[in-house]
Every structure is written in structure tokens, then in C-alpha cells.
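Structure first, then comments.
The values are calculated or read from the model by the stated rules, or taken from the named source; none is laboratory data. For clarity, every value in this text was computed on a predicted model and none was experimentally measured. Quick reminder, even Gly has a Cβ in these numbers, built from the backbone with ideal geometry, and neighbours come from all protein chains shown.
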Amino acid sequence: MKSLPLPVIAMSVIMMAAAAGKPAVLQPGALGKYVASFNRLDHTHFGQAVSNEDAAEWMLANVPLFECPDPEIEEIYHFRWWTYRKHIKETPDGYVITEFLPKVSWSGKHNTISCPAGHHFREGRWIRDPKYLDDYASFWFRKGGEPRRYSFWAADSIHQLAIARGDFKLAIDLLPDLVKNHEEWEESRLAADGLFWQIDDRDGMEVSVGGKGHGGRGKRPTINSYMFGDAMAIAAIAERAGQPELAATYREKAARIKRLVQEMLWDDEAEFFKVLPLGEKVKRVDVRELHGFTPWYFHLPDRGKGYEKAWRQLMDPKGFRAPFGPTTAEQRHPGFTVSHTGHECQWNGPSWPFATTVTLTALANVLNDYPQDTVTKRDWFETLKTYAKSHRLTREDGTVVPWIDENLNPHTGEWIARTRLSRWKDGGWDPRKGGPERGKDYNHSAYCDLIITGLAGLRPRADGAIEVNPLLPDEAWDWFCLDGIPYRGRSITILYDKTGARYGKGRGLVVLADGEVCASAVNPGKILVR
């Protein structure tokens, strides 16, 4: 592998942007070096609202600084903010966040696609300037967005944004739109038995094993978890808005979905949530798929009922574990495949960052909020490391560069869709599909949110408390620092310093608010500051 020199960005830009940011401990020099390297390696697309030339200044002003002993986890953290900023697009309808940089035929207005929008909100809530997601939230309901073209947990996304900010004005203003959106999902996708159904392609999960033979139509753990999460979010926003009757209605809707998911989609023998095909006298599909972990993303499964046994499959090499995984279907199943024929995007085996993001977020919820002995922080941490490792592309000259794309071979790390598209047309861009670089800098997942809420462990709470619980295994690292996290009007720093010598803020886990130490513990564990 060739080594690449890192040009240094202009110091004046770094100092100007740092002054606008909120770091209390870290210096911005490392970020500038990362951005300079990413810019130099960029060979196709540049930013939309924020150019490559302005990327360092924008990142220093808007996102938390981060350092850790693992160079890959640290580099990809900066890389993913650098790619996210590329997708901020200024339009006559305000700012939106895109999934693809080139225009694709299946997108809506301004090249938007609702499928990954939930990830856009979870990631983007840690950007200091609120205008991007304020506009984006309004766009989906009032400026020509199509929130039901694909599955999208819209109300939950906007509620989580409000919790992180400590400001519910936007969520309350959009409450009628969120209610209408939920009602229209009920109108189009609610089956007679009370569960929601969806086509696997409309979940963004085409050619899934569980969708075969039924036109992809099924009562899926995905759409039902999204609707549960949205119902709970609408109830919480309605309470804030002084509408207790509406809140009670949506709590009842959420309770019904929860009960039906556990009764009808849980397979006792397989110990997993599965798809129930649409139709009469049908059985649950015979395959475990990674999206069966989605219920925990929204805290849907009841605690203490044994559902956490499903997580045994995550680290099982016959289940979902793979060197560049996790896989989207269990590897023991005969339908598992990594194919270079047929559709270029298949969810029957390849690893997808979208699903990996959901899985790691869901697992963080399990480790924080569910009494169980099935999975550990070590499992979460190893899966995160695998995810970080997958962010690579080997160029023809042998250079290995940071990369995020569509689907990848879970055993080799090859970006499958990119390989397939490059064979369809030699060079250039295929106007029908976007060409071989269609998925470059693909914004269909999250990563930085996993570092903030999982690894560093900031757990957003509606009551205003600061809860920190890093998912760092014992003795894994001697230090890390996440600095300048915008949270409920404060700037939060979370650091771990085993000896106290690196940062000079004391030994162990330390939490600062606006530069002042507000809590600490010798060992990395849960801290709650009320």
C-alpha cells in the first residue's frame, strides 16, 4: 500500500474556524490535515452548498473534534463529516440533504430520497448551525418532499433532533404534518390485522431473501418499527404541545404495534424477528435478516422477555459476522449470496452501511437499556471496528483511500455496485444509472452519530440531563476525547484519560460542559448529571 503525504491546510483558515467552534480541549490541526488529504484524493465530485475549499472551515465551525488511539476509527470519523457536508444542497426551498451526488432517476425533488433521511437527521443533529436540518425537516412536508416514497421514520427523526437541541418549537410546529403523514401510512400500508406492510424495495432493501416469492410484500420488522417509533414520537411531541388526548391516541397506536410485532413477527424457534409475507394462511419466512434487529433501534421489544437472544446471531460466523460485514442475511441460509449478476443492489448477503448503522444503534440501546447477558460492549466495539475498516477502496495503482459507497462484499470489502456499474459502460457516466462513481461519497448511513452516542456514549435525554455511557471495553484504550458536542444549548466534552496526563483534566472519564468539569469517574462507565 502506498503512503500518501498530507499537505497542511492554511493556518489562517484553521484559526478562523476554530474561533467559531466550541472545542475546550483539542486543537484543530489534525482535522485540517485530514481534510487536506481528502480534498487531494477527491477525483469526481465536490461539495454542493459547501465546497471542498471551504470544508475545513465549515467542519471546524460546525462539528465536534475527535481523537482516539485507533487511527482508522478516527480518520473515518473525519471522513464521514467531510462526505456529509458534500450532500448539503441549497435549493429554492431551503437546504436539503441528498443521498447521491449525481442525479438519479428514482429521486424526488432536488434529488432527495426519503429512504436514508432518518440517518441524515441522526447524524446531522450534531451540526451546530441549525438551519440545514430546520429547512430539511420542513421540506419533507411543506416544500415538495415525498416522505412516503420509501420507508422513513420521520416523526422519530424530528423528535430526536428536538431532544438533542433542547428546543421543540420546530417539532411542535410540524406536529399536524407528522400526524397526517402517519394517517396516510395507515391508509396505504396498514393490513387488516393491524400490522404495516411494505415492499422490500420500498424499504430500500431490494432482492431480499425474505421478499422472494411474495413480490417483496410483507409485514416487516422495519416498517413496523418505524411506525412504532413515529407513534411514540408523535405522542411525546403532542404532550409538549399541550394535546394530551392526541398523545394518548398515539401511545395506544404504539402499544398495539408493539404487541403485534412481538406476537406475529417474533419466531420462537429461530429466536428472531422475521418477515410475515402479505396474504392469508402464510408463515413467517425461514430466514433471519439483519433488519430483524431494527425493533431495538426504537426500544420496541419488552425488557425481560428474552428477545435479546436474537443478538447471538450478530457475532456468529454462520449468522451475520464477516470480515467486512455484518451481512444482510444469515450466511447459513441457502439463499445467502454475494452476486455479480442481476440487480446491482441486493440485500441477500452483501453488507450495507445503512443496515450496519441501524444494527449498531440498536445494539447500543440494548447495552444501555436492557438487562441481558447475550451481548457485550466488546461485541459492539468489534462491530464498529469492522464498519470502520469497510470504509476503504483500493485503486488500480494499489493506493488505499477512504471510501463510502453502496453495498460491499462482506468477505473481501469490494464495493459491488461500483464494480458492476463500471462494467455497464466503460468510463464516463451512464445517464440512466449514474455511472461507476454513482455511489461515491454515498450518504445512505451514519457513522459520526455512532461515535457520539455509542463510543463516547452521550445518550440524549428529553429531561435535560447529561447521560454518558461509553461503549468502550475495559482496557481497550488509555485515552480518547470528543470535544465540542452541541447539546441542548451547551458545548459538551467527553474524554477518557487513564493517567490524567494527556489532557490535564483529571484521571478516568471526565465530562465537561462549556469547558467546565461537571462529572468524572475513574473507570469508563455510566455518568448521569442532572
Residue identified as touching a His at 6+ places or on another chain (Cβ under 8 Å), at pLDDT 95 or above, part of a helix (DSSP H, G or I) and not basic (Lys, Arg) among ALA388, ALA364, ALA355: ALA355
Considering region 309-359, residues that are free of Cβ contacts under 8 Å to residues at least 40 places away in the same chain and within 20 Å of the chain's Cα centre (by Cα), and then whichever is surrounded by the fewest Cβ atoms within 10 Å (Cβ to Cβ), we arrive at ARG321
Can you tell me which residue in region 451-479 is surrounded by the fewest Cβ atoms within 10 Å (Cβ to Cβ), limited to those that are more than 17 Å from the chain's Cα centre (by Cα) and on the phi > 0 side of the Ramachandran plot? GLU475
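Scanning for something part of a helix (DSSP H, G or I), at pLDDT 95 or above and under 19 Å from GLY349 (Cβ atoms), does region 372-379 turn up at least one residue? Full working, then the answer.
Residues of region 372-379 that are part of a helix (DSSP H, G or I), as a first pass: 377-379.
Within this subset, residues satisfying the condition of being at pLDDT 95 or above are 377-379.
Remaining after also requiring under 19 Å from GLY349 (Cβ atoms): none.
Within region 372-379, none of the residues are part of a helix (DSSP H, G or I), at pLDDT 95 or above and under 19 Å from GLY349 (Cβ atoms).
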Tell me, which residue of region 386-403 that is aliphatic (A, V, I, L, M) and in contact with a helix residue (DSSP H, G or I) (Cβ under 6 Å, 6 or more places away or on another chain) is surrounded by the fewest Cβ atoms within 10 Å (Cβ to Cβ)? VAL401
Restricting to region 175-196, what's the tally of residues that are surrounded by 22 or more Cβ atoms within 10 Å (Cβ to Cβ) and either of a type in the set (Asp, Glu) or under 23 Å from the mean Cα position of the chain (by Cα) (or both)? 2
If only one of GLY292, GLY304, GLY279 is out of contact with any Cys (no Cβ under 7 Å at 6 or more places or on another chain) and closer than 13 Å to ALA362 by Cβ, which one is it? GLY292
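Could you identify the single residue in PHE141, PHE152 that is within 20 Å of LEU300 (Cβ to Cβ), among the aromatic types (Phe, Trp, Tyr) and touching a residue at least 40 places away in the same chain (Cβ under 8 Å)?
On the way: PHE141 fails: within 20 Å of LEU300 (Cβ to Cβ).
The conditions single out PHE152.
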Does LYS89 meet the test of being within 20 Å of the chain's Cα centre (by Cα) and either over 18 Å from ASP405 (Cβ atoms) or crowded, with 20+ Cβ neighbours inside 10 Å (or both)? yes
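Residue-by-condition table, conditions (1) over 27 Å from the mean Cα position of the chain (by Cα); (2) surrounded by fewer than 21 Cβ atoms within 10 Å (Cβ to Cβ):
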| site | (1), (2) |
| --- | --- |
| ASP200 | no, no |
| LYS219 | no, no |
| ALA238 | no, no |
| GLY242 | yes, yes |
| ASP267 | no, yes |
| VAL275 | no, no |
List the residue pairs whose Cβ atoms are under 7 Å apart, where the first residue sits in region 252-268 and is modelled with pLDDT under 95, the second is part of a helix (DSSP H, G or I), and the two are 6 or more positions apart or on different chains. none
Would region 289-298 turn up any residue that is of a type in the set (Phe, Trp, Tyr), farther than 22 Å from PHE152 by Cα, crowded, with 19+ Cβ neighbours inside 10 Å and in contact with a strand residue (DSSP E or B) (Cβ under 9 Å, 6 or more places away or on another chain)? no
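Listed here are the residues, each with its yes/no results for (1) under 27 Å from TRP81 (Cα atoms); (2) assigned to a loop (DSSP other than H, G, I, E, B).
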| site | (1), (2) |
| --- | --- |
| GLY439 | yes, yes |
| ASP449 | yes, no |
| LEU512 | yes, no |
| CYS518 | no, no |
Select from region 84-141 the residues that are closer than 19 Å to ILE451 by Cβ and part of a loop (DSSP other than H, G, I, E, B) and list them in ascending order. HIS87, PRO116, ARG125, TRP126, ILE127, ARG128
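Which one of ALA164, ALA137 is among the aliphatic types (A, V, I, L, M), over 28 Å from ASP200 (Cα atoms) and either out of contact with any His (no Cβ under 9 Å at 6 or more places or on another chain) or modelled with pLDDT of 95 or more (or both)?
Numbers: ALA137 fails: over 28 Å from ASP200 (Cα atoms).
When all the criteria are applied, what remains is ALA164.
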Could you grab me the full set of residues in region 180-210 that are assigned to a strand (DSSP E or B) and either under 19 Å from GLY229 (Cβ atoms) or touching a residue at least 60 places away in the same chain (Cβ under 8 Å) (or both)? LEU190, PHE196, GLN198
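Condition check: under 20 Å from PHE121 (Cα atoms), part of a loop (DSSP other than H, G, I, E, B) and of a type in the set (Gly, Ala, Ser). Does ALA501 satisfy that?
Details: under 20 Å from PHE121 (Cα atoms): no; part of a loop (DSSP other than H, G, I, E, B): yes; of a type in the set (Gly, Ala, Ser): yes.
Answer is no for this residue.
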